[in-house]
Amino acid sequence: EAAVTQSPRSKVAVTGGKVTLSCHQTNNHDYMYWYRQDTGHGLRLIHYSYVADSTEKGDIPDGYKASRPSQENFSLILELASLSQTAVYFCASSDWGHSYEQYFGPGTRLTVL
Amino acid sequence: GDSVTQTEGPVTVSESESLIINCTYSATSIAYPNLFWYVRYPGEGLQLLLKVITAGQKGSSRGFEATYNKETTSFHLQKASVQESDSAVYYCALGEPSSGQKLVFGQGTILKVYL
């Protein structure tokens, strides 16, 4: 059974609208991450969190907010979606002390029109 | 900044042939990065294929292997005989051996294995 799940799996949003992507993990991991992947590019880190109720900025945080209300859940929020945020978004989790290995969700394909 | 470059895909190989996917990295802010290969099968999330955290060491898994070469800053993925089930997207990545474990990924290489 999948340990990291994402919802929705795909979404079409309008420019200027609010989008929330959700991630849930059953690994009991401390760390959670949000990445985006654009066609022809590698995954880039947007936000991450190492404990509930705390988030950290990754390499490309502009235009995104994150929320970690519990150890299991980590959301990515686009308050004002823009065309440039069309991408595939991946959530991942990892364990403190064994954090070399990240466990990924299947991804969410977001299209902003 | 830190970066990873890998073979442009798609790479198309006949079953039972050998494979090499090149990966080179630049770790300007990390003295001794950890190196990884992840694989993404259709419809699934990325999963760790192999990792090496010490320069000069080789990692292996499912018939794949990669050697951490600090001199050439490379971590090429090799397999002697591929199978159709190896068709997937392969990602090379480097990470900081400290808290946070932020990963820097290459762009991914699509591998297609045909019968």
Filter pass, residue A:62 being within 14 Å of chain B (Cβ to nearest Cβ) and of a type in the set (Asp, Glu): no
Sole exception among (1) assigned to a strand (DSSP E or B); (2) acidic (Asp, Glu); (3) within 14 Å of chain A (Cβ to nearest Cβ) for residue B:44, by number: (1)
Elements of type strands (runs of 3 or more DSSP E) in the range B:47-101, at least 1 residues being facing chain A (nearest Cβ under 10 Å): B:47-52, B:88-95
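Need a quick list: strands (runs of 3 or more DSSP E) entirely within the range A:62-101 having at least 1 residues that are at pLDDT below 95.
Details: elements: A:65-67, A:73-78, A:87-94.
Strands (runs of 3 or more DSSP E) meeting the threshold: A:87-94.
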Conditions (1) without any contact (Cβ under 8 Å) to a residue 40 or more places away in the chain; (2) more than 27 Å from residue B:16 (Cβ to Cβ); number of the one not met by residue B:64: (2)
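Return the residue satisfying two criteria in turn: it lies in the range B:65-115 and is of a type in the set (Asp, Glu) and modelled with pLDDT under 95, and of such residues it is farthest from residue B:51 (Cα to Cα).
Out of the qualifying residues, it is B:71.
The values are calculated or read from the model by the stated rules, or taken from the named source; none is laboratory data. Keep in mind that what you see is a predicted model, and the values were worked out from it rather than measured. Note: ideal-geometry Cβ built from the backbone for every residue, glycine included; neighbour counts use all protein chains shown.
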